[in-house]
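First comes the structure, then the notes that go with it.
The values are calculated or read from the model by the stated rules, or taken from the named source; none is laboratory data. Just so it is clear, the model here is predicted, and its values are computed rather than measured. Reconstructed Cβ throughout: ideal geometry from the backbone, glycine too, with neighbour counts over all protein chains shown.
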Amino acid sequence: MRIDIVTVSPELIKSPFEYSIIKRAIDKNFVAVYFHNLRDYALNKYGQIDNTQFGGGAGMVLMIEPIDKCISKLMSERTYDEVIFMTPDAPVLNQHTANTLSLKENILILTGHYKGVDQRVRDKFISKEISIGDYVLSGGELAAAVLCDAIIRLIPGVLGDETSALSDSFQDNLLAPPVYTRPREYKGLKVPEVLLSGNFKKIDDWRHEEALKKTKKLKPGLLDD
Ligand code: ADE
């Protein structure tokens, strides 16, 4: 998979890609991630990429021209399966979307900043809009990093034990059951007996029951889907 990220602040978004599972996925060529600085496509020598809104109102808006130059160049080099815009006024990211995107070849992600982007960018270039939650961040960079993390860990082969992604919370619309490790008892707090029983059928049943209980209690809406 290849992911291109178009941003005003490449430095803000880079570090999540330099650690842990995501770094390993890049090192092992499961995914290549490229950052494109919108300022390299600025209108003038002052690096202009934004302007005030027509009709008045506070906040600067990213202009269409630099974005067109950058995105059109990338699109002339390859075909993108999705061109995604990170924005709070979009459907919220969920595991189903992450699963679907993890199977794509080329993804382009545009991150907004300031007040947003000229609507014509969204109308002309964007195939999918994604929010990471109903709150507003200063820009889409952190949201794009969250999206990439959710996608990259699902690419087949990225997680050593593939079943560990399948047993994540939200796969099968269930939250993950509780997990325990050594010691068996800590200051009177015990690990449930069944997990020490060695009876894998019982353990599976228990985990399913716990996952159901937890989902009913914390996110009952998942069970309606
Ligand atoms: N940009 C600003 N806030 C955002 C959010 N909640 N999700 C995605 N992009 C954003």
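Just one of the listed residues (Thr181, Thr215) is more than 26 Å from Thr97 (Cβ to Cβ) and among the polar types (S, T, N, Q), and it is Thr181. Scanning segment 1-59 for residues being farther than 25 Å from Ile155 by Cβ and surrounded by 12 or more Cβ atoms within 10 Å (Cβ to Cβ) gives a total of 16.
Those strands (runs of 3 or more DSSP E) of segment 12-66 in which 3 or more residues are among the aliphatic types (A, V, I, L, M) occupy 60-62. The residue that is farthest from the ligand (Cβ to nearest atom), counting only those in segment 99-109 that are surrounded by fewer than 20 Cβ atoms within 10 Å (Cβ to Cβ) and within 20 Å of Ile13 (Cβ to Cβ), is Asn106. In the condition set (1) over 17 Å from Leu142 (Cβ atoms); (2) more than 16 Å from the ligand (Cβ to nearest atom), Glu18 is compliant with all but (1). Restricted to segment 110-133, and to residues that are near the ligand (Cβ under 8 Å from one of its atoms) and either in a strand (DSSP E or B) or among the β-branched types (Val, Ile, Thr) (or both), which residue is surrounded by the most Cβ atoms within 10 Å (Cβ to Cβ)? So, considering only residues that are near the ligand (Cβ under 8 Å from one of its atoms) and either in a strand (DSSP E or B) or among the β-branched types (Val, Ile, Thr) (or both), the one surrounded by the most Cβ atoms within 10 Å (Cβ to Cβ) is Thr111. Residues that are small (Gly, Ala, Ser), modelled with pLDDT of 90 or more and under 14 Å from Arg24 (Cα atoms) within segment 144-182 comprise just one, Gly157. In segment 51-63, the residues that are more than 13 Å from Arg120 (Cα to Cα) form no Cβ pair under 6 Å with any partner that is β-branched (Val, Ile, Thr) and exposed (fewer than 10 other Cβ atoms within 10 Å of the Cβ), whether six or more places apart or across chains. Here the condition is being surrounded by 11 or more Cβ atoms within 10 Å (Cβ to Cβ), touching a helix residue (DSSP H, G or I) at 6+ places or on another chain (Cβ under 8 Å), part of a loop (DSSP other than H, G, I, E, B) and in the same structural domain as Tyr34 (by TED's automatic domain parsing); of Leu142, Leu137, Leu159, it holds for Leu137 alone. Is it the case that segment 140-160 has a residue that's within 10 Å of the ligand (Cβ to nearest atom) and of a type in the set (Asp, Glu)? Within segment 140-160 (the criterion being within 10 Å of the ligand (Cβ to nearest atom) and of a type in the set (Asp, Glu)), the answer is yes, since at least one residue qualifies.
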